[in-house]
Amino acid sequence: MIQVPGPLHEDGAVHVWKTTTASLHPEDLAVLDSAEREQAQRFRFQEDRDLYIHAHAALRRILSSYTAIPACDLFFERGPYGKPELRSHSLRFNLSHSAGNIVIAVALQEVGVDIEFMRADLDLLDIAQHFFSPRELALVAAAGAGITRTFYRIWTCKEAYMKATGMGFSLPSRSFDVCGDGQLGVLNSQTHPGWSLSEFPCAEGFAAAVVTQGVTSKVHVCDYAESCGRPL
């Protein structure tokens with residue numbers, strides 16, 4: 001059983017769970033339903049298969065700890081734009097992974113989370129020109145030696161927001177920015193009221209952010225392996 005940091009109250013708290021494929025357990029596959037097991041087998045490479053299995057097994061075990069529903073008995077459905085939701089339960093969640101690192105956000109309000117490994121071998125300014133708002137693009141262009149960190153901070157904040165709304169990339173990424181009041185990591189309260197954005201610490205070389213509907217009182221970052229008694 002996962003040891004949760006405490007109950008989720010109506011005060012806007014969000015719990016973000018971190019894990020990696022190093023915590024893959026032989027029992028993980030058995031927790032998945034038949035559709036998830038079939039999806040896992042479609043991956044060509046073992047590392048991708050392991051990532052999918054562990055991420056979704058961890059998700060089921062974490063949600064089970066909040067809902068008191070056995071992990072194997074949880075049923076999921078998808079919203080209008082494909083965002084996964086728990087069937088017949090108000091708990092909200094979101095999952096993201098990158099380069100073997102996994103984050104799972106749990107809240108009572110709509111939530112979106114993103115983690116990205118900060119690759120420096122890409123033309124980040126070119127990507128920003130296609131996906132960032134003019135103000136965000138200006139921050140990237142002026143970042144100099146800090147361009148990689150700046151780019152990925154913006155990217156994770158934007159993707160977390162798009163996932164929180166349930167629209168994902170159906171929401172044009174250039175239609176909003178995450179540098180409200182000239183400060184990176186802040187949603188514009190005038191154009192996007194009712195949402196809270198928080199960046200949180202993760203593994204070295206990664207950027208991560210979480211967005212919730214309403215006011216977020218606190219972001220609790222939890223270690224999955226530690227909470228279920230597995231070696232780190």
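The values are calculated or read from the model by the stated rules, or taken from the named source; none is laboratory data. The structure displayed is predicted, hence computed values, not measured ones. Backbone-built Cβ (ideal geometry, glycine too); neighbour counts: all protein chains shown.
Here MET162 fulfils each of the conditions (1) assigned to a loop (DSSP other than H, G, I, E, B); (2) modelled with pLDDT of 95 or more; (3) hydrophobic (A, V, I, L, M, F, W, C) apart from (1).
Cβ-Cβ contacts under 7 Å between residues 6 or more apart (or on different chains), taken from a first residue in segment 132-145 that is within 17 Å of CYS157 (Cα to Cα) to a second residue that is in a loop (DSSP other than H, G, I, E, B), are listed as SER133/PHE176; SER133/ASP177; ARG135/ASP177; GLU136/ASP177; GLU136/VAL178; LEU139/LEU184; VAL140/PHE132.
Can you tell me which residues in segment 160-191 are buried (at least 17 other Cβ atoms within 10 Å of the Cβ) and of a type outside the set (A, V, I, L, M, F, W, C)?
Of segment 160-191, the ones buried (at least 17 other Cβ atoms within 10 Å of the Cβ) are 160-167, 173, 176-180, 184, 187.
If the condition is that a residue be buried (at least 17 other Cβ atoms within 10 Å of the Cβ) and of a type outside the set (A, V, I, L, M, F, W, C), then TYR161, LYS163, THR165, GLY166, SER173, ASP177, GLY180 are the ones that fit.
Restricted to segment 53-128, the set of strands (runs of 3 or more DSSP E) holding at least 2 residues that are crowded, with 18+ Cβ neighbours inside 10 Å and not basic (Lys, Arg) comprises 92-98, 101-107, 111-117.
In segment 192-224, how many are over 18 Å from GLY100 (Cα atoms) and not aromatic (Phe, Trp, Tyr)? Steps first, answer last, please.
Step one: of segment 192-224, the residues over 18 Å from GLY100 (Cα atoms) are 192-199, 210-220.
Right, trim to not aromatic (Phe, Trp, Tyr) and you get 192-194, 196-199, 210-220.
The number of residues fulfilling the criteria is 18.
Cβ-Cβ distances below 9 Å connect the following pairs, each with a first residue in segment 164-175 that is touching a residue at least 40 places away in the same chain (Cβ under 8 Å) and under 10 Å from PHE132 (Cα atoms), a second residue that is of a type in the set (Asp, Glu) and not in a loop (DSSP other than H, G, I, E, B), and a separation of six or more residues or different chains: SER173/GLU159; ARG174/GLU136.
Only a single criterion out of (1) in contact with a strand residue (DSSP E or B) (Cβ under 7 Å, 6 or more places away or on another chain); (2) β-branched (Val, Ile, Thr); (3) not in a strand (DSSP E or B) is not satisfied by VAL211, namely (3).
The selection criterion, being within 18 Å of the chain's Cα centre (by Cα), surrounded by 15 or more Cβ atoms within 10 Å (Cβ to Cβ) and under 24 Å from ALA22 (Cβ atoms), holds for VAL221.
Of the residues in segment 186-196, how many are touching a helix residue (DSSP H, G or I) at 6+ places or on another chain (Cβ under 6 Å) and either assigned to a helix (DSSP H, G or I) or touching a residue at least 12 places away in the same chain (Cβ under 8 Å) (or both)?
Restricting attention to segment 186-196, the residues satisfying the condition of being touching a helix residue (DSSP H, G or I) at 6+ places or on another chain (Cβ under 6 Å) are 186-188.
Right, trim to either assigned to a helix (DSSP H, G or I) or touching a residue at least 12 places away in the same chain (Cβ under 8 Å) (or both) and you get 187-188.
Adding up the residues that qualify gives 2.
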